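Participant: Got a structure for you, written out below as structure tokens; questions coming shortly.
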């Protein structure tokens with residue numbers, strides 16, 4: 001489904017490297033005043049007024065993070081600054097977004113049919129800080145990054161040293177000092193020493209946000225605190241993490257929102273929906289997307305074929321950008337191909 005609903009991809013899809021050169025989403029983060037756009041298959045950036053600041057010229061690109069954006073020309077990735085100038089020339093088979101000063105990078109090793117990606121990390125100057133050696137990785141979060149060697153996940157520090165040795169079958173990044181990891185089929189939560197704070201017992205689990213973590217038991221989703229106690233019992237068919245004090249929950253095929261006590265703030269009624277960002281959430285009624293406020297009131301009528309979260313008062317999706325009044329501030333002159 002096209003909603004931002006978790007269930008989140010557990011392991012990072014390494015952009016063009018392992019995603020068959022699929023164009024990355026337009027989800028923009030509030031880390032710069034520039035917004036990623038797609039003009040006829042080429043990526044560029046606009047400002048919050050809709051003015052094109054960096055002309056569409058890249059074959060793939062990511063939103064700006066920490067003042068830098070990863071972009072691709074052909075099959076090779078580099079990094080640009082907010083002026084559109086390359087600070088790291090295109091040379092890698094994949095580059096992630098910068099997080100805590102480092103970005104994961106990938107390069108292919110070997111030849112077909114044994115060709116595979118190896119991942120390392122670079123700094124803002126393009127210097128390789130952690131050599132290419134991992135088979136999978138997440139971004140750095142709270143000083144550590146989850147990495148995979150063969151089929152096991154562990155955590156490294158920013159020097160590339162293992163803080164927690166590879167031993168887990170799955171792993172997410174640290175959030176609020178805990179990380180969800182699995183041993184076999186069950187998932188629990190560890191601290192930064194690798195010690196289980198909440199023993200493996202859940203079918204699935206995701207990172208803590210706003211003091212609660214989303215977990216699955218017997219095909220139902222609920223929320224636990226950092227002691228592993230259920231604050232909201234498993235009862236939802238699907239659900240998402242808390243953001244801006246509300247979380248998406250799904251009963252049957254309808255989407256609604258609960259607060260951190262489990263009380264419905266907005267009853268399940270939408271065909272799809274996204275998390276709240278900057279006080280607004282995208283909702284789908286029938287075949288069209290619009291936006292609601294935290295009282296469930298529609299503030300932008302359903303009229304769009306796609307959606308994106310607001311960031312800095314702007315949402316960019318499909319072939320246009322809108323402001324919080326629902327006004328189009330930019331529109332592509334060349335139609336975007338739709339799958």
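Participant: What share of Cα pairs, in percent, lie more than 18 angstrom apart in the stretch 272-339? It would help to have the intermediate numbers written out before the result.
Facilitator: Numbers: 696 of 2278 pairs.
Tail fraction, whole percent: 31.
Participant: Let me ask another. Separation of the stretch 274-313 and the stretch 120-180 by C-alpha centroid, Å?
Facilitator: Distance between centres, Cα-based: 34 Å.
Participant: Send over the per residue convex hull volume for the stretch 24-154, Cα only, as a whole number of Å³.
Facilitator: 113 Å³
Participant: Need one number for the stretch 163-286: average projected area of the convex hull over its C-alpha atoms, nm².
Facilitator: Values: hull surface 31.6 nm².
Spelled out: convex hull of the Cα atoms, projected over all directions, averaged, 7.9 nm².
Participant: If R₀ is 22 angstrom, what is the calculated FRET efficiency for the pair residue 260 and residue 227, using the beta carbon separation as r and rounding to 0.05?
Facilitator: For R0 = 22 Å, the calculated efficiency reads 0.90.
Participant: Across all directions of projection, what mean area in square nanometres is found for the Cα convex hull of the chain?
Facilitator: If you wrap the Cα atoms of the chain in a convex hull and average its projections, you get 16.8 nm².
Participant: Rounded to two decimals, what is the ratio between the C-alpha radius of gyration of the stretch 142-189 and 2.2 N^0.38 Å?
Facilitator: Computed over Cα atoms of the stretch 142-189, the ratio equals 1.05.
Participant: Note the full-extension length gain between residue 124 and residue 324 as 0.36 nm times their separation in residues minus their Cα-Cα distance, in nm to one decimal.
Facilitator: Extra length from residue 124 to residue 324 when fully extended: 68.7 nm.
Participant: Using only alpha carbon positions, build the gyration tensor of the stretch 80-239, then give the equivalent ellipsoid semi-axes as the square roots of 5 times its eigenvalues, largest first, whole angstrom.
Facilitator: 32, 18, 15
Participant: For residue 161 and residue 278, what does the FRET efficiency come to when R0 = 30 Å and r is the distance between their Cβ atoms, rounded to the nearest 0.05?
Facilitator: Numbers: r = 38 Å, r/R0 = 1.27.
With R0 = 30 Å, the Cβ-Cβ based efficiency is 0.20.
Each value in this text was obtained by applying a stated rule to the coordinates, not by laboratory testing. None of these values were measured; they are calculated from a predicted model. Backbone-built Cβ (ideal geometry, glycine too); neighbour counts: all protein chains shown.
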